[in-house]
1. State whether region 216-259 is rounded, prolate or oblate according to the following rule on the C-alpha gyration tensor (a ≥ b ≥ c being the square roots of its eigenvalues): a/c under 1.5 gives rounded; otherwise a/b larger than b/c gives prolate, and the remaining case gives oblate.
2. Arrange the following residues from fewest to most other Cβ atoms within 10 Å of their Cβ: TYR267, TYR36.
3. Between GLU163 and ASP1, 0.36 nm times their residue separation minus their Cα-Cα distance comes to what?
4. Once the Cβ-Cβ distance between ASN176 and SER9 is put in as r, and R0 is 22 Å, what FRET efficiency do you end up with, to the nearest 0.05?
5. Could you tally the net charge around ASP286, taking each other residue with its Cβ under 14 Å from the Cβ of ASP286, Lys/Arg +1 and Asp/Glu -1?
6. Explain nothing, just the number: relative contact order of region 145-290, from Cα pairs under 8 Å at least 6 residues apart, as a whole percent.
7. Length gain on complete extension for the stretch ALA114 to ARG245, per 0.36 nm per residue less the alpha carbon to alpha carbon distance?
8. Could you work out how much longer the chain between ASN202 and THR136 gets when fully extended? Use 0.36 nm per residue separation minus the Cα distance between them, nm to one decimal.
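Each value in this text was obtained by applying a stated rule to the coordinates, not by laboratory testing. Being a predicted model, the structure only gives us computed values, none of them experimental. Glycine also receives a Cβ, built like all others from the backbone with ideal geometry; neighbour counts cover every protein chain displayed.
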Amino acid sequence: DAIFRMASSTKAVLGVAAMIAVEEGLMSPNDPVSKYIPEFADMKVAVPVGPADGKVKSASKAKPKSKSKGKEIPAHRLVPVDTPVTIHHLLTHTSGLRSGGLGSKVDQVEPATADQTLAEYIPKLGKVPLDFQPGTQRAYSPITGLDVVARIIEIVTETPFNEFLQERVFNPLEMNNTYFRVPGEKQSKLVVITSSIKGKTNKKPKKAIQGSPRYFSASAGLSSSAEDYLHFQQMLLDDGEFFGRRVLSPESVKMMSSNQAANVPIYGLKARKGIGAGYTVSVTLDPKVA
């Protein structure tokens with residue numbers, strides 16, 4: 001009954017929540033994010049200043065090198081997106097939002113804090129420069145892209161994201177030890193996170209994985225037990241059903257687990273050959289090279 005920090009295994013839970021909303025006609029993967037969050041209407045892509053920039057159309061004036069919080073900001077300029085960021089882009093990590101490229105390096109928007117809500121923070125991300133034109137590359141967005149989808153789910157369902165997961169995912173799957181914030185009486189079950197510093201094991205305090213009281217991150221915010229997550233995985237293996245309780249249709253599970261980013265080159269963190277991108281999950285295309 002130990003409770004572990006799920007980290008990026010949280011993302012697949014968001015994927016199921018998103019497919020529920022799609023299945024019920026509340027949103028479509030092809031919807032632009034700006035349909036629900038107007039601040040995403042005029043996003044920009046950061047491009048380096050150099051000889052090749054003459055080929056970039058509709059570019060703003062180049063920004064000189066400067067420093068922000070002790071870090072040098074690379075010389076760059078911002079160009080309009082060729083196509084709006086869609087829910088599909090976010091679910092497949094092809095949006096370019098905070099995926100470690102130039103846009104991430106020149107990003108001036110502060111990270112979310114524990115006392116903010118998705119509703120308060122996510123609109124600010126419309127000002128974050130993208131790392132590349134949406135849909136042209138695939139690069140892992142570790143802690144941001146899927147939080148935007150969580151906010152859209154809140155909007156279309158008129159339900160806080162944590163409550164939606166509890167009602168539509170955790171309860172039917174009997175995930176009784178899965179939380180964004182582990183309650184006090186179960187704090188003793190939290191597994192201590194360890195790390196290695198100069199060859200020595202360093203134990204981080206348990207409070208580091210208790211979770212946020214208000215910001216429910218769909219990217220890495222959940223804690224859960226092995227048994228609970230097995231229930232979740234079993235539901236997916238059984239085409240959306242768990243002991244007679246249907247969470248998703250077989251068609252939705254197939255959509256979620258099919259390669260949705262064919263022929264899109266992948267770079268950066270998580271870049272591996274033979275691996276495709278489903279909606280929030282990786283898809284093995286070639287086991288020999290994966």
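1. oblate
2. TYR267, TYR36
3. Separation in residues times 0.36 nm, less the Cα-Cα distance, equals 56.0 nm.
4. With R0 = 22 Å, the Cβ-Cβ based efficiency is 0.80.
5. The answer is +3.
6. With pairs under 8 Å counted, the relative contact order is 18 percent.
7. Using 0.36 nm per residue and subtracting the Cα-Cα distance, I get 43.8 nm.
8. Difference between extended and current length: 19.7 nm.
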